[in-house]
Amino acid sequence: MRTELFVTPENIYSKAKDWLDILEPFGRTGRKLVLKPESCALVVVDMLRYFAHPEGRAYLPSTAAVIPVIERLLGKWREIGGTVVFTRHCHRGPRDLGMLGKFFRDYIRCDERDSRIIGELTPLPSEKVVLKNTYDAFFHTGLDEYLSRRGVGQVLVTGVLTQMCCETTARSAFVRGYEVYVPVDALTTSTEELHIGSLRSLASGVAVMTSADEACGG
């Protein structure tokens with residue numbers, strides 16, 4: 001997979017503004033929706049050593065920019081006692097690769113170091129960690145039932161990769177009746193082209209585009 005360093009900790013906030021300007025024409029249908037952190041689950045998708053640590057096998061350089069942004073969101077959600085969910089994508093062996101095995105030669109093994117969530121975003125003992133083996137965090141994971149029990153009606157999707165697990169999870173939440181919000185500066189992928197393309201698709205009828213600042217209340 002080709003990767004590029006398209007955003008850094010120094011320019012991520014100006015980039016977010018540029019991205020939101022690009023996405024504005026596509027997101028007009030969602031303007032009437034209002035994010036309410038108390039009833040919105042913060043979903044941190046696959047921020048694993050595999051993707052988000054310089055020694056990870058599929059390191060994405062742009063994760064260095066989004067880690068502090070996700071940390072800020074975590075701080076806000078923990079402060080208000082909101083619902084936080086982490087996902088860990090991993091496989092127990094070749095037999096549970098499914099279609100991913102036809103697209104990728106490498107895979108994340110559940111018992112390897114690269115499958116761990118990075119230290120900066122370590123879940124609290126009270127926070128839900130969902131194991132998944134495909135792009136969709138809702139598929140055969142019990143996540144929908146967990147959120148329903150907690151009275152959650154909205155999700156804020158962050159993490160990696162924008163056009164794969166994040167977008168699929170956002171769409172899956174949408175079809176299950178959740179209001180979906182995406183902070184454009186709290187998720188990333190391998191290239192800016194893929195990032196913007198995925199966000200544009202979601203903005204056109206699935207998710208409300210926002211920023212971490214807006215999600216945290218300014």
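The values are calculated or read from the model by the stated rules, or taken from the named source; none is laboratory data. Keep in mind that what you see is a predicted model, and the values were worked out from it rather than measured. Backbone-built Cβ (ideal geometry, glycine too); neighbour counts: all protein chains shown.
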### Query
Can you pull out the residues in the stretch 166-177 that are touching a residue at least 12 places away in the same chain (Cβ under 8 Å), closer than 28 Å to residue 191 by Cβ and not hydroxyl-bearing (Ser, Thr, Tyr)?
166, 167, 170, 171, 173, 174
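Matching residues to (1) modelled with pLDDT of 95 or more; (2) surrounded by fewer than 21 Cβ atoms within 10 Å (Cβ to Cβ):
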site: 9; (1), (2): yes, yes
site: 14; (1), (2): yes, yes
site: 24; (1), (2): no, yes
site: 40; (1), (2): yes, no
site: 48; (1), (2): yes, no
site: 52; (1), (2): yes, no
site: 64; (1), (2): yes, yes
site: 98; (1), (2): no, yes
### Query
What number of residues within the stretch 147-165 are touching a residue at least 12 places away in the same chain (Cβ under 8 Å) and either over 23 Å from residue 71 (Cα atoms) or aliphatic (A, V, I, L, M) (or both)?
9
### Query
So, in the stretch 101-130, of the ones that are aliphatic (A, V, I, L, M) and buried (at least 17 other Cβ atoms within 10 Å of the Cβ), which residue ends up nearest to residue 74 (Cα to Cα)?
121
### Summary
Considering residues that are under 13 Å from residue 129 (Cβ atoms) and either assigned to a helix (DSSP H, G or I) or charged (D, E, K, R) (or both), the number found within the stretch 82-94 is 1
### Query
Which is touching a Leu at 6+ places or on another chain (Cβ under 9 Å), β-branched (Val, Ile, Thr) and under 21 Å from residue 78 (Cβ atoms), of 152, 182?
182
### Task
Kindly indicate whether any position in the stretch 59-81 is of a type outside the set (Lys, Arg), part of a strand (DSSP E or B) and under 22 Å from residue 169 (Cα atoms).
no
### Message
Against the condition in contact with a strand residue (DSSP E or B) (Cβ under 7 Å, 6 or more places away or on another chain), within 19 Å of residue 186 (Cα to Cα) and touching a residue at least 24 places away in the same chain (Cβ under 8 Å), how does residue 69 come out, does it pass?
### Response
no
### Of all residues in the stretch 82-96 being of a type outside the set (Asp, Glu) and more than 30 Å from residue 215 (Cα to Cα), the one that is surrounded by the most Cβ atoms within 10 Å (Cβ to Cβ)
91
### Message
One residue is enough: does the stretch 33-53 have a residue meeting the conditions over 15 Å from residue 154 (Cβ atoms), out of contact with any Phe, Trp or Tyr (no Cβ under 6 Å at 6 or more places or on another chain) and free of Cβ contacts under 8 Å to residues at least 24 places away in the same chain?
### Response
no
### Task
Taking the residues in the stretch 147-164 that are more than 21 Å from residue 215 (Cβ to Cβ) and not polar (S, T, N, Q) as candidates, determine which candidate is farthest from the chain's Cα centre (by Cα).
149
